[in-house]
Amino acid sequence: MKELGRLIESQSELYDNLMQVDAYLIGDNDTDRFQMAGLIARGRDLVVYKSNSKLHFAPSRFVGYLNNDLLTHFVDGNGKHGTVTTQRIDKILGCHSVPDDELDKVYFAFCEELEVTTTKHQKKYWVLDEEQNNQYSNEYYEGNAQQVLVNRYERNPQARKECIEKFGCKCQICEMDFEKVYGEVGKGFIHVHHITPISDKKGEMHLVNPEINLIPVCPNCHAMLHKGKLSIEDLREIRNCLKFKSILIYAMLSSNFILHSDSVCDILRSMVETSMSRRA
């Protein structure tokens with residue numbers, strides 16, 4: 001388990017953590033997204049910055065520690081403390097966080113968009129100025145300024161939960177189990193794939209059956225499903241072809257059986273073509 005990092009010491013280190021907040025909010029992992037949204041909703045002192053020309057809010061207790069992440073942040077008794085991070089960000093930005101009625105309205109709208117309920121505590125803000133926002137944007141996009149526009153579709157966390165309860169946290173294609181491979185740090189980690197891509201619904205609300213429309217997959221298989229626009233069955237068959245290749249090569253080597261490599265390729269090519277023809 002990674003230990004909580006030291007307090008940040010520079011604006012650059014603050015920007016790195018703002019990037020991490022954005023990554024959680026726009027990422028594919030529903031659990032990470034809702035955990036970060038919850039931290040924002042419960043935050044009292046928040047850094048206000050521009051992301052894709054829109055104001056975002058980041059809680060001081062998360063962004064105040066070097067290279068912070070959710071897994072480390074939620075460890076009980078790890079020493080995190082909002083007062084010290086607030087004092088450190090005061091020093092780095094050269095100003096104190098202050099209440100702002102107009103920013104309250106923007107913040108509440110932001111939380112509503114994230115589908116989280118804010119606490120009743122008074123909120124205070126540090127607002128990055130134009131120069132600081134430019135520095136953050138330059139670090140975020142690494143070089144020439146590029147505007148990246150994406151549609152982020154709402155996902156139902158309860159549907160994800162029921163899908164995992166049904167199938168478990170094991171990839172249903174390659175059988176990868178992160179807890180078995182990585183131990184405690186991998187416990188509960190899995191992606192959930194929409195068998196019909198949610199983007200195909202063009203932003204329309206639709207009914208989701210967690211046992212029929214969703215399936216747990218590892219990040220690698222998830223990426224291949226979308227990259228190749230493959231069905232679950234297609235990707236399973238491709239993996240079976242590759243597994244057959246490994247077994248065949250092992251058998252050749254262990255039995256001193258000589259088979260021309262072109263013949264192996266012909267066998268595998270035939271298997272893949274058969275798989276692809278079934279998709280047509």
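Some points to look at:
- Cβ-Cβ contacts under 8 Å between residues 6 or more apart (or on different chains), taken from a first residue in the range 187-216 that is closer than 13 Å to Gly168 by Cα and at pLDDT 90 or above to a second residue that is part of a loop (DSSP other than H, G, I, E, B) and basic (Lys, Arg), are listed as Ile190/Lys170; Pro216/Lys170.
- Any hit, the range 7-14, residues being assigned to a helix (DSSP H, G or I) and aliphatic (A, V, I, L, M): yes
- Any hit, the range 156-173, residues being assigned to a loop (DSSP other than H, G, I, E, B), modelled with pLDDT under 80 and within 26 Å of Val21 (Cβ to Cβ): yes
- Whichever residue in the range 43-98 is among the basic types (Lys, Arg) and free of Cβ contacts under 8 Å to residues at least 24 places away in the same chain and, among such residues, is farthest from Gln20 (Cα to Cα): Lys91
- Qualifying positions in the range 71-95 - under 17 Å from the mean Cα position of the chain (by Cα) and surrounded by 16 or more Cβ atoms within 10 Å (Cβ to Cβ): Thr72, His73
- All positions within the range 7-17 that are surrounded by 20 or more Cβ atoms within 10 Å (Cβ to Cβ) and either basic (Lys, Arg) or farther than 17 Å from Lys80 by Cβ (or both): Tyr15
- Residues of the range 174-190 that turn out to be surrounded by fewer than 18 Cβ atoms within 10 Å (Cβ to Cβ) and assigned to a helix (DSSP H, G or I), as a count: 8
- Summed over the range 37-60, residues that are out of contact with any strand residue (DSSP E or B) (no Cβ under 8 Å at 6 or more places or on another chain) and of a type outside the set (Gly, Ala, Ser) total 2.
The values are calculated or read from the model by the stated rules, or taken from the named source; none is laboratory data. As the structure is a computational prediction, the values presented were derived from the model and not from experiment. Cβ sites come from the backbone with ideal geometry, for glycine too, and all protein chains shown count toward neighbours.
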